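Peer 1: Got a structure here, written out as structure tokens. Questions coming.
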Amino acid sequence: MEKFKYMEEYGYEQLCFFQDKNTGLKAIVCVHNTVLGPALGGTRVWNYANEEEAAEDVLRLARGMTYKSALAGLALGGGKAVIMGDPNEIRKDPTIREAFWRSFGRYVNGLSGRYITAEDVGTSTQDMVYVNMETNHVVGLPGRSGDPSPFTALGVFKSIQACCRHVYGDNSVEGKTIAVQGAGNVGYYLCQLLHEAGAKIFISDVVDERVKRVVEEFKATPVDKDAIYSTFADIYAPCALGATINDDTIPQLKCKIVCGGANNVLKNPLVHGRALQERGITYAPDYLANAGGVINVSYEHAEGGYNEEAARRDIDRIYNRMREVLRISDETGALAFQTADKLAEGRIEAMRNVRAILSPRR
Ligand code: NAD
């Protein structure tokens, strides 16, 4: 990849490589866009095959965060960090672990608040506690906003209600059938909300105990992992992996709605977004549906500190935003993800102009 060319094409601001020989830290931080505010995005630890793969991942993820925060109405830009390595290896030696994360914290601090980090795949709250010993530019700390998953699930639930209203004329999920893929953090809490609202759940996971828990607690029906796509259900809710809407799965779908917590649900957004539209299946743009977690964590940075009630009120607004996106898409014929992108880009451009006005420091 020609990085400068790619960064120029998609409007990236900054890509930083950090290393610390003593701890073995190899990190890449990407700040995609800071027009709306500091770039917030978690730190992912992953066994990348090489640094090219890691750089491509952080670039893609950081841009996704810009759109997610912009559409969620947050005063935040988009950024992300990736660390090359095996999370279990890093955790093995407690002394190295502390030094590893504190060295990362010092580098994050060096970005002077342009980038705010948080947990992501392969990191824990304890890792962020170490980061916080070196910088205040970190959220998702214990005793503050806590685990984002229930809040992400709440946003997905509101999105499902908005999709039901759009498709069936009524936002109730009572009596609706929902095929949930993934009974992990988000999937579990989503099933809880769906069950309380009277929906009938089909659940799949590659880990049997997770399926069992949802079956026992929420009267769900277990489904084989490959059979989840062809399950007769009103809604398919992907809460595990990305790219599950693709050439293989689309012909199997029996649902009317695709709405879940996973990121990058459409393998090829244009091709597979269009294929869903042609089949009359309503697609809820993923980064709008799963914004509850980032909305919640953003309240750690709000004036007056974290406020769960305000965060929940804000997450409720995903319902109206989703309805708006689906309505505009119907009226214009645009794909739902294109409408979402356009609204996010429109907000960034409007605010870019506002920021051109000279204002004394507060
Ligand atoms: P998680 O790891 O807790 O749960 C994912 C679950 O999917 C696991 O139980 C795993 O066993 C299962 N799984 C893996 N492959 C599967 C397959 N082929 N079929 C069925 N199940 C499979 O992760 P999570 O935090 O619940 O996140 C789920 C998705 O939501 C991810 O794509 C994540 O990026 C996205 N997301 C999460 C949050 C959050 O707040 N946690 C926020 C935004 C987006």
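The values are calculated or read from the model by the stated rules, or taken from the named source; none is laboratory data. All values reported here derive from a predicted model rather than from experimental measurement. Cβ: placed from backbone, ideal geometry, glycine included. Neighbour counts: every protein chain shown. Only protein heavy atoms, including side chains, enter the accessible area calculation; ligands, DNA and RNA are left aside. Shrake-Rupley method; radii C 1.70, N 1.55, O 1.52, S 1.80 Å.
Peer 1: Could you list all residues from region 76-96 that are modelled with pLDDT under 95 and either of a type outside the set (A, V, I, L, M, F, W, C) or closer than 24 Å to ASN263 by Cβ (or both)? Full working, then the answer.
Peer 2: Within region 76-96, the first condition is being modelled with pLDDT under 95, and the residues that meet it are 85-96.
Of everything in region 76-96, those that are modelled with pLDDT under 95 and either of a type outside the set (A, V, I, L, M, F, W, C) or closer than 24 Å to ASN263 by Cβ (or both) turn out to be GLY85, ASP86, PRO87, ASN88, GLU89, ILE90, ARG91, LYS92, ASP93, PRO94, THR95.
Peer 1: For region 194-230, enumerate the residues that are of a type in the set (Ser, Thr, Tyr), more than 9 Å from the ligand (Cβ to nearest atom) and touching a Lys or Arg at 6+ places or on another chain (Cβ under 7 Å). Full working, then the answer.
Peer 2: Initial filter on region 194-230 (of a type in the set (Ser, Thr, Tyr)): 204, 221, 229-230.
Cutting the leftovers down to more than 9 Å from the ligand (Cβ to nearest atom) gives us 221, 229-230.
The one that is of a type in the set (Ser, Thr, Tyr), more than 9 Å from the ligand (Cβ to nearest atom) and touching a Lys or Arg at 6+ places or on another chain (Cβ under 7 Å): SER230.
Peer 1: Taking only region 147-196 into account, find how many residues are of a type in the set (Phe, Trp, Tyr) and open to solvent by 30 Å² or more (accessible area, probe 1.4 Å). Let's see the steps before the verdict.
Peer 2: So the first thing to find is which residues in region 147-196 are of a type in the set (Phe, Trp, Tyr), and the list is 151, 157, 168, 188-189.
Cutting the leftovers down to open to solvent by 30 Å² or more (accessible area, probe 1.4 Å) gives us 168, 189.
Adding up the residues that qualify gives 2.
Peer 1: Take the conditions away from the ligand (no atom under 16 Å from the Cβ), part of a helix (DSSP H, G or I), free of Cβ contacts under 8 Å to residues at least 60 places away in the same chain and surrounded by fewer than 19 Cβ atoms within 10 Å (Cβ to Cβ) and apply them to GLU303. Does it pass?
Peer 2: Details: away from the ligand (no atom under 16 Å from the Cβ): yes; part of a helix (DSSP H, G or I): no; free of Cβ contacts under 8 Å to residues at least 60 places away in the same chain: yes; surrounded by fewer than 19 Cβ atoms within 10 Å (Cβ to Cβ): yes.
So GLU303 fails the test.
Peer 1: Would you confirm, using the coordinates I've provided, whether SER329 is buried (at least 19 other Cβ atoms within 10 Å of the Cβ) and modelled with pLDDT of 95 or more? First the steps, then the outcome.
Peer 2: Details: buried (at least 19 other Cβ atoms within 10 Å of the Cβ): yes; modelled with pLDDT of 95 or more: yes.
Yes; evaluated as a whole, the condition is true for this residue.
Peer 1: Could you grab me the full set of residues in region 202-230 that are hydroxyl-bearing (Ser, Thr, Tyr), surrounded by 22 or more Cβ atoms within 10 Å (Cβ to Cβ) and not in a strand (DSSP E or B)? Explain how you work it out, then say what you get.
Peer 2: From region 202-230, those hydroxyl-bearing (Ser, Thr, Tyr) are 204, 221, 229-230; that's our starting set.
Next, from what is left, pick out any that are surrounded by 22 or more Cβ atoms within 10 Å (Cβ to Cβ): 204, 229.
Correct list: TYR229 only.
Peer 1: State whether one or more residues within region 167-179 are within 15 Å of the ligand (Cβ to nearest atom), of a type in the set (Lys, Arg) and either more than 19 Å from ASN307 (Cα to Cα) or outside any helix (DSSP H, G or I) (or both). So that I can check it myself, show each step before the final result.
Peer 2: Taking region 167-179 as the starting set, the residues that turn out to be within 15 Å of the ligand (Cβ to nearest atom) are 178-179.
Still in the running and of a type in the set (Lys, Arg): none.
No, region 167-179 contains no residue that is within 15 Å of the ligand (Cβ to nearest atom), of a type in the set (Lys, Arg) and either more than 19 Å from ASN307 (Cα to Cα) or outside any helix (DSSP H, G or I) (or both).
Peer 1: Now for a different question. Going by the conditions given, is TYR283 of a type outside the set (Lys, Arg) and in contact (Cβ under 8 Å) with a residue 60 or more places away in the chain?
Peer 2: Numbers: of a type outside the set (Lys, Arg): yes; in contact (Cβ under 8 Å) with a residue 60 or more places away in the chain: no.
For TYR283, the condition - of a type outside the set (Lys, Arg) and in contact (Cβ under 8 Å) with a residue 60 or more places away in the chain - is not met.
Peer 1: Tell me, yes or no, whether region 185-202 has at least one residue that is within 27 Å of ASP147 (Cα to Cα) and of a type in the set (Val, Ile, Thr). Before you say what the answer is, go through the steps one by one.
Peer 2: Start the filter on region 185-202 by keeping residues that are within 27 Å of ASP147 (Cα to Cα), which leaves 185-202.
Filter again for of a type in the set (Val, Ile, Thr), leaving 186, 201.
Yes - at least one qualifying residue is present in region 185-202.
Peer 1: So which pairs qualify, if the first residue must be in region 287-299 and more than 10 Å from the ligand (Cβ to nearest atom), the second must be β-branched (Val, Ile, Thr) and in a helix (DSSP H, G or I), the Cβ gap must be under 6 Å, and the two must be at least 6 apart or on different chains?
Peer 2: Note: pairs meeting the criteria are ILE295/ILE315.
Peer 1: Pull up region 112-123, narrow it to residues that are more than 20 Å from TYR287 (Cα to Cα), out of contact with any helix residue (DSSP H, G or I) (no Cβ under 8 Å at 6 or more places or on another chain) and not basic (Lys, Arg), then point me to the one that is least open to solvent (accessible area, probe 1.4 Å). Outline the logic, then answer.
Peer 2: Our first condition is that a residue be more than 20 Å from TYR287 (Cα to Cα); within region 112-123, this holds for 112-114, 122-123.
Filter once more, keeping what is out of contact with any helix residue (DSSP H, G or I) (no Cβ under 8 Å at 6 or more places or on another chain): 112-114.
With not basic (Lys, Arg) added as a condition, the list becomes 112-113.
Details: SER112: 93, GLY113: 17 Å².
For region 112-123, the residue satisfying everything is GLY113.
Peer 1: Then there's this: With the requirement that a residue be touching a residue at least 24 places away in the same chain (Cβ under 8 Å), closer than 10 Å to THR135 by Cβ and open to solvent by 20 Å² or more (accessible area, probe 1.4 Å), what does region 77-111 give you?
Peer 2: ARG102, ARG106, TYR107, ASN109
Peer 1: Still on this structure, please answer the following. Quickly run through region 239-270 and pick out the residues that are touching a residue at least 60 places away in the same chain (Cβ under 8 Å), surrounded by 21 or more Cβ atoms within 10 Å (Cβ to Cβ) and part of a loop (DSSP other than H, G, I, E, B).
Peer 2: Result: CYS239, THR244, CYS255, CYS259, GLY260, GLY261, ALA262.
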